[in-house]
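None of the figures in this text is laboratory data; all of them are computed from the coordinates on show. Since the model is a prediction, treat every value here as computed from it, not as a measurement. Cβ atoms come from the backbone with ideal geometry, glycine included; neighbour counts cover every protein chain shown.
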C-alpha cells in the first residue's frame with residue numbers, strides 16, 4: 001500500500017465496505033451488474049403497483065356511473081398510475097438494461113463513474129419511496145371553498161393532478177393538501193437520478209469502449225442508450241426548472257403559472273411537454289435498441305441497414321424536441337404554430353418508418369427462430385406500428401382536436417409504451433436471462449406469457465381507440481349510461497385481467513427458472529455481440545482480458561465465415577473458440593482491479609427525501625438532517641480511500 | 001406448435017373483425033357523426049388519414065406474417081444470405097412515406113386555417129368555464145344562462161371563451177373539435193349546426209374532482225323557436241302567486257343563502273356576476289349541475305339535500321334544508337320557466 005493511500009485513510013471515519021454477500025453488499029455495491037439487477041427488481045415491484053392501480057381504475061370504469069371509487073380516489077389512482085409507469089417502471093427498467101449491458105456491449109469493466117452509478121440508483125429508489133410515502137403522510141382535498149360529501153381515505157391522499165400536473169389545477173388553491181407537493185418534489189429527485197446517469201452513460205460510451213470498438217461498430221442497443229442519455233441530459237433540466245416553479249408557487253406564493261399574479265398556466269404546458277415529448281422517446285428508444293439486437297440474432301442475419309437504424313434513432317431523438325406542442329393543439333396556439341407542429345410531427349414518422357421497414361428487412365429472408373424473445377420482438381413491431389400510425393393521425397391537427405384528451409389517445413400511447421416499450425423490455429428480459437442468471441427460462445411458459453399478453457393487451461387497448469372516437473374522455477371518473485360506452489368498457493376491463501394473468505405467468509417462470517432452470521451455456525442464441533463472449537452468469541470482472549474488436553457484430557464474425565453466395569459458414573474452430581472463451585473468462589490470468597464498494601452514494605441519496613419533507617412541512621430539523629446526510633455523503637465520498645480489491649490473484653498467492 | 005400458432009392467428013383475425021365491425025350505436029359524444037360543416041371537415045380529414053393508415057397497417061402486418069410463415073426455421077433449411085442493407089430499398093421507404101405525408105399535409109394545413117377563421121356574420125356567445133359547469137352569455141341579447149347553449153340552426157356561431165378558475169375545454173364532438181378555456185386568456189371556437197337538434201358537450205381537459213361531470217348540451221333551434229327562446233330569456237323571472245307552495249319556495253330561496261351565489265333576475269337585484277348559474281329560467285333547462293343530472297324533482301331533491309354527494313368538490317354547500325323546504329324550493333324552481 002502506498003504512502004498517500006495510508007495518509008488518506010486517516011481522513012475517513014469509515015473503512016471501505018467489504019461485504020460481497022448479504023444486504024450490505026447490495027447497498028454498497030458499485031458493480032454495474034448488481035445495480036442493473038436492483039433497478040430491474042425494484043422497477044418490477046413498481047410495475048406491480050402501477051398495474052394494481054390500473055386494475056382498480058378499470059374496475060371503476062367497467063360499467064357506467066360506477067361507485068367503486070370516489071372521485072378523489074379515482075383521480076389519485078390515475079395520477080399515480082401514470083407517474084409510476086413512466087418514472088418508476090419504464091425508465092428504470094430501461095436503466096436496468098443500460099446498467100447491466102452497456103459495459104458488456106462495449107467491452108468495459110464498469111461504467112465510467114461507478115459510485116455515481118450507485119448514486120443514480122439510490123436517488124431513484126429514494127425518489128420513488130418519497131413519492132409513494134404520500135399514501136401514508138400525504139393529504140388531498142377539494143379546491144379551496146369546495147365541499148366533499150365524505151372524507152378522503154388513504155387511497156385518495158395521493159397526488160391527484162395527473163402525471164402532467166396541469167396548472168392551475170395543480171396549484172395550491174385548486175389542489176390543496178400536500179399530495180401534489182409529494183409529486184413535484186418526488187419527480188425532482190427522480191430527475192436528478194436520471195440526469196446523473198445520463199452523464200455517466202455518455203462518458204462511458206465515449207471513453208470506455210474496448211480497443212477497436214469504433215462508434216460505428218457499437219451494438220444498436222448501445223447506440224440507443226447513447227441517444228437516450230442525450231435526450232435525458234437536454235430534457236430533464238427543463239422539467240427540473242418547471243417543477244421548482246411549481247413547488248415555489250405552491251409553497252412560497254410565487255405565481256409563475258398563476259394568472260392572478262401575472263403568470264401563465266399555458267407556459268407550464270409548454271415546459272412540461274418540451275420535456276414530456278423527448279421523454280416519450282426516452283421510454284421507447286431503449287426498446288428499439290433491444291429489438292434491434294434480438295431480430296438479427298434470431299433471424300441469423302445482420303441488421304438490415306445498421307447505419308440507417310442508428311441515424312434514424314438519432315433523427316427521432318432530435319426531431320423529438322420540436323414536436324411538443326402537438327400535445328396542446330386544443331390550446332390557443334396560432335394556426336401557424338399548429339401547422340408547424342403538425343408538420344414536424346408528421347416528419348418524425350419518417351425515421352420511425354425507416355426503422356420499422358429495416359426491421360422487416362432484417363427478418364425477411366432469414367431463418368427465424370421463434371423463441372420467446374423473438375416472439376416479443378415481432379409482437380413489438382406489430383403493436384408499435386399501430387401506435388405509430390395512430391400517432392400520425394394526431395399530426396392531422398383538426399382531427400387531433402377531436403381526439404385529444406379522449407381514450408383514443410390513451411389507446412395510442414399504450415400501443416407505443418406497452419405494445420412498444422414493454423414488449424421490447426420483455427423481449428430483452430428473456431433474451432438476456434441466461435446471461436444474467438446462468439440459467440435458461442422455461443420456453444413453454446415464456447410463449448404462454450407472450451400469447452396471453454398479446455391477447456390481453458389488444459383486448460384492453462384495442463377497443464379504447466373506438467371508445468375515444470365515440471366520445472369517452474380521459475381521466476373520467478364516471479361516464480353516463482346514455483353515452484352507450486358501457487359494453488366496450490367492460491371488454492377493456494376483462495382485458496386488463498388477462499394481462500394480469502400473463503404477468504403472473506411471467507413471474508412464475510422467472511422465479512422457477514432462476515432457481516431450477518437448466519444451466520445456460522455461454523452463447524445460447526448463437527448471438528452476435530460481445531456480451532455473449534463471457535461466461536454465464538457474467539463474472540464479477542466482466543471480461544477477464546480486455547476484448548479487441550475488429551467488426552460490427554464482432555462475436556458473429558469470430559464464429560462464422562461467409563461463402564461465395566453470402567451464406568454463413570461456421571468456422572471449424574468456432575466450438576473450440578467458445579470453450580476457450582469460457583475457460584478464459586472464468587480464470588483471469590492477471591490482477592483485475594474493480595471499483596471499490598462504497599457507503600456514500602446511499603448516504604448522499606438518503607438526504608434528498610428529508611429535504612423534500614423539510615420543504616413540505618417547513619421543518620428546519622428535517623432540512624438539517626437532510627443537509628447533514630448530503631454533507632456526510634459528499635465529504636465521505638470525496639475523502640474515501642482507494643482500496644484495491646484484487647480478484648484472480650490466485651497464482652500469486 | 002404449428003397448430004397453436006395458426007389458431008392464434010385465426011383468433012387475432014376474429015378479434016380484428018370484431019373491433020372494426022362492432023360499432024357503438026347512438027353515442028351522443030360521437031366524434032364520427034358530424035352534424036355541421038366544421039365537424040365534417042375534421043371527419044373527412046380523419047377518414048382520409050384513417051384509410052391510409054389502414055393500408056400501411058395491412059402492408060406491415062402482412063409482410064410480418066408472411067415473413068414469419070415463409071422464413072421460420074425448419075429442419076434442413078439453409079443458412080440465410082447475409083444481407084447488410086440495400087440503399088435503394090431504404091431510400092424507397094424513406095421517400096414514399098414523405099410523399100404520403102405530404103399528400104396529407106396539404107389538406108391538413110388548409111383545414112387548420114379554415115377552421116380558425118372567424119366566420120362572417122357569426123352570432124357571438126361567451127363561454128365561461130367554472131368548476132364544474134359551463135356558463136353561456138349572449139352579449140347581443142343580454143342573456144346569461146348555464147349548462148345548455150341554445151343556438152339557431154344553420155347559423156355560424158363564434159364562441160369567445162375563458163375560464164373563471166382552472167383550465168377547462170369545451171367540446172361538442174358533433175359540431176367541432178375541442179378548445180381550451182384558460183384563465184386570463186381568450187380563446188375562440190366556431191360552431192355550426194346544420195339542423196335543429198340536441199348535441200352533447202363535455203369538458204375535455206382534466207379540471208379537478210368532478211371533471212367527468214362537467215358536461216353541457218348544445219340545442220340548436222329553428223329561427224322562430226330561437227327567437228321565442230331569446231324573448232323568454234330576456235324577461236325577468238316569473239313571481240309565484242302568494243300563498244302557493246312556490247311562494248314558500250321563493251322564501252326558502254331568499255332566506256337560506258341561495259342568493260349568495262345565484263341570481264334570479266327581478267327577484268333579488270344585484271349588479272355583476274355571481275359564481276353560480278343564473279336561475280331566472282332554470283325550469284326551461286332539462287339538465288342541471290353541469291348537465292350531470294336531469295331536472296326532475298327526484299334528482300333535484302338529491303342535489304339540494306347534499307350537492308357534494310353528486311358532484312364531489314362542488315362549491316355549492318349543503319344548506320341543511322329540511323325536506324319541506326326542499327319540496328317548496330323545487331316547486332318554486334319549477335315555475336322559473
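Odds and ends about this structure:
- Crossing angle, helix A:574-586 versus chain A [Cα axis fit, 0-90 degrees, rounded to tens]: 80 degrees
- Between residue A:144 and residue B:294, the simple spin-label model (points 7 angstrom out along Cα→Cβ) gives 4.0 nm.
- Cα-based convex hull, segment B:245-335, per residue volume (Å³, whole number): 90 Å³
- Of B:217, B:158, the sequence from fewest to most neighbouring Cβ atoms within 10 angstrom is B:158, B:217.
- In this simple spin-label model, placing a label point 7 Å from the Cα along the Cα-to-Cβ direction at both residue B:194 and residue A:211 gives a separation of 7.7 nm.
- Label positions at residue A:252 and residue B:122, each projected 7 Å from the Cα along the C-beta direction, are separated by 4.3 nm.
- For chain A: relative contact order, % (alpha-carbon pairs under 8 angstrom, 6 or more apart): 18 percent
- Per-residue Cβ neighbour rank within 10 angstrom, fewest leading, A:181, B:43: B:43, A:181
- Computed extension gain for residue B:275 through residue B:99, at 0.36 nm per residue and net of the alpha carbon distance, reaches 58.1 nm.
- Calculated P(r) tail over 42 Å for the protein assembly as shown, as whole % of Cα pairs: 41 percent
- Ranked by the mean number of other Cβ atoms within 10 Å per residue, highest first, peptides A:74-80, A:41-47 order as A:74-80, A:41-47.
- Average Cα contact separation per residue, segment A:289-437, under 8 Å, 6 or more apart, as relative contact order %: 34 percent
- Normalised size of chain B, defined as Cα radius of gyration per 2.2 N^0.38 Å with N residues, equals 1.38.
- Relative packing of A:371-381, A:474-484, which averages over residues the other C-beta atoms within 10 Å, highest first: A:371-381, A:474-484
- Extent along the principal axes, Cα only, for segment B:110-149: 34, 24, 12 Å, with the longest axis given first.
- Mean ellipticity per residue at 222 nm, deg cm²/dmol - from DSSP H runs of n ≥ 4 across chain B, formula -39500 (n - 2.57): -13500 deg cm²/dmol
- Between 0 and 90°, nearest 10: helix A:265-299 axis offset from chain A longest Cα axis: 30 degrees
- Residues B:282, B:63, arranged from fewest to most other Cβ atoms within 10 angstrom of their Cβ, appear as B:63, B:282.
- Test item: A:484-492 mean partner chain Cβ contacts at 10 Å: 2
- Neighbouring partner chain Cβ atoms per residue of B:84-90, average, 10 Å criterion: 6
- Taking the C-alpha atoms only, the angle from helix B:2-21 to the longest principal axis of chain B is near 40 degrees.
- 222 nm mean residue ellipticity, helices alone, for chain A (DSSP H n ≥ 4; -39,500 (n - 2.57); rounded to 500): -21000 deg cm²/dmol
- Percentage relative contact order, segment B:245-335, counting C-alpha pairs under 8 Å, at least six apart: 40 percent
- Scoring A:279-292, B:79-92, A:309-322 by mean Cβ neighbours within 10 Å over their residues and listing the highest first yields A:279-292, A:309-322, B:79-92.
- Spin-label proximity, residue A:586 to segment A:489-522 - amide N less than 18 Å from point 7 Å beyond Cα toward beta carbon: A:517-522
- FRET efficiency, 1/(1 + (r/R0)^6) with R0 25 Å, evaluated for residue B:286 and residue B:225 via beta carbons: 0.95
- Taking every residue in A:331-341 and counting other chain Cβ atoms within 10 Å of its Cβ, the average works out to 5.
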